[in-house]
Amino acid sequence: MRSFLFVPADSDRKLAKGAGSGADALILDLEDAVALDNKPAARQGAIDYLHSRNADDTQTVLVRMNALDSEFWQEDLASVVPAKPDAIMVPKTISGACIATVCAHLTDLEKEHDLQPGSIRLMNVATETAASMFNLGTYGNVSDRFFAMTWGAEDLSADLGARSNRDEAGNYTGPYHLARTLCLLGAVAADVMPIDGICKDFRDEVALEAEARAAIRDGFTGKVAIHPAQVRIINTVFTPTEEDIAEARAVVKTFADAGNPGVVSLDGKMLDRPHLRQAESVIARAAAINS
């Protein structure tokens, strides 16, 4: 999955736009995008949307629950699980223990509602508090449900009491570069998808494309969007080009033809096993997008 689009679950208009946005995944938000008085309406909006899906819908649908330190999260899960979302996004996680807590509740709810065990997956936002920054290496082997991790700068800056999370040139400052890097490393260490965070200015297509290209350069496999207009750029950047695929296939073929040694030569360049893994990853991503 390349693009994850946040949509407030209490807005029918925005839900409809999200469905037609082309995003690979839609995140029905019960948390930050919803006012306290509208939490019940957002839950019902998420339920109605999930029930309205057609059997041939290919868009993955997640529900972002409220944080574990809130009074809402257990009711969020109890309400939406019977409607069978594809996944739950857990915000403001402190460590892998938070994923384990939600996993246990999902297991009980799936059993209660005769759903296939483990059918609802889990994704988290891993860097929204200062405490979370010390625990990005604790998510490995927590749950088979766990499939993706992203990071957030806005809540982190609020937790730090920062005046801004960007400098005068519009670039993230040190703490947020660290959060992004630790998220990438933590996700890869946990063998889940590393998903880059949002570009807050949805009108700035140049900035969005630059962020997306930096993300795929560093190893992220997708990016979160906050507006349907951002989806096209994200999908384009995170889709391997024909040239990318041809180069990757040439690398794989060169290793295969040589009997899969440790090192091969291609077009005057020495390639070793990490290059082969990178090539195989490009081919796999292209196949997943086209499936």
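The values are calculated or read from the model by the stated rules, or taken from the named source; none is laboratory data. If you're wondering where the values come from, they're calculated on a predicted model, not measured in any experiment. Using ideal geometry, Cβ is built from the backbone for each residue, glycine included, and neighbour counts are taken over all protein chains shown.
Kindly indicate the residue of region 244-272 that is over 33 Å from the mean Cα position of the chain (by Cα) and among the hydrophobic types (A, V, I, L, M, F, W, C) and also surrounded by the most Cβ atoms within 10 Å (Cβ to Cβ) among those meeting that condition.
From region 244-272, those over 33 Å from the mean Cα position of the chain (by Cα) are 254, 256-270; that's our starting set.
In the following step, the residues that additionally are among the hydrophobic types (A, V, I, L, M, F, W, C) were identified as 256, 258, 263-264, 266, 270.
Numbers: 256: 11, 258: 13, 263: 11, 264: 20, 266: 15, 270: 9.
Among those that are over 33 Å from the mean Cα position of the chain (by Cα) and among the hydrophobic types (A, V, I, L, M, F, W, C), it is 264.
Table: residues versus (1) more than 22 Å from the chain's Cα centre (by Cα); (2) modelled with pLDDT of 95 or more; (3) more than 28 Å from residue 12 (Cβ to Cβ).
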site: 47; (1), (2), (3): no, yes, no
site: 58; (1), (2), (3): no, no, no
site: 61; (1), (2), (3): no, yes, no
site: 72; (1), (2), (3): yes, yes, no
site: 106; (1), (2), (3): no, yes, no
Among the residues that make up region 222-231, is at least one of them of a type in the set (Lys, Arg) and either surrounded by fewer than 14 Cβ atoms within 10 Å (Cβ to Cβ) or assigned to a loop (DSSP other than H, G, I, E, B) (or both)? no
Would you check which residues across region 13-44 are buried (at least 23 other Cβ atoms within 10 Å of the Cβ), touching a strand residue (DSSP E or B) at 6+ places or on another chain (Cβ under 8 Å) and not hydrophobic (A, V, I, L, M, F, W, C) and list them? 18, 29, 31
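Given 210, 215, which one is of a type outside the set (Phe, Trp, Tyr), within 27 Å of residue 24 (Cβ to Cβ), assigned by TED's automatic domain parsing to the domain that holds residue 151 and touching a Lys or Arg at 6+ places or on another chain (Cβ under 7 Å)?
215
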I'd like the full set of residues that are among the polar types (S, T, N, Q), at pLDDT below 95 and part of a helix (DSSP H, G or I), limited to region 232-273. 254
In region 238-256, residue farthest from residue 283 (Cα to Cα) [restricted to those that are of a type outside the set (Phe, Trp, Tyr) and in contact with a strand residue (DSSP E or B) (Cβ under 8 Å, 6 or more places away or on another chain)]: 254
Restricting to region 63-76, count the residues that are surrounded by fewer than 21 Cβ atoms within 10 Å (Cβ to Cβ) and of a type in the set (Phe, Trp, Tyr). 1
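Would region 211-229 turn up any residue that is in contact with a Cys (Cβ under 6 Å, 6 or more places away or on another chain) and not hydrophobic (A, V, I, L, M, F, W, C)? Let's see the steps before the verdict.
Taking region 211-229 and keeping what is in contact with a Cys (Cβ under 6 Å, 6 or more places away or on another chain), we get 211.
Within this subset, residues satisfying the condition of being not hydrophobic (A, V, I, L, M, F, W, C) are 211.
Checking region 211-229: at least one residue is in contact with a Cys (Cβ under 6 Å, 6 or more places away or on another chain) and not hydrophobic (A, V, I, L, M, F, W, C).
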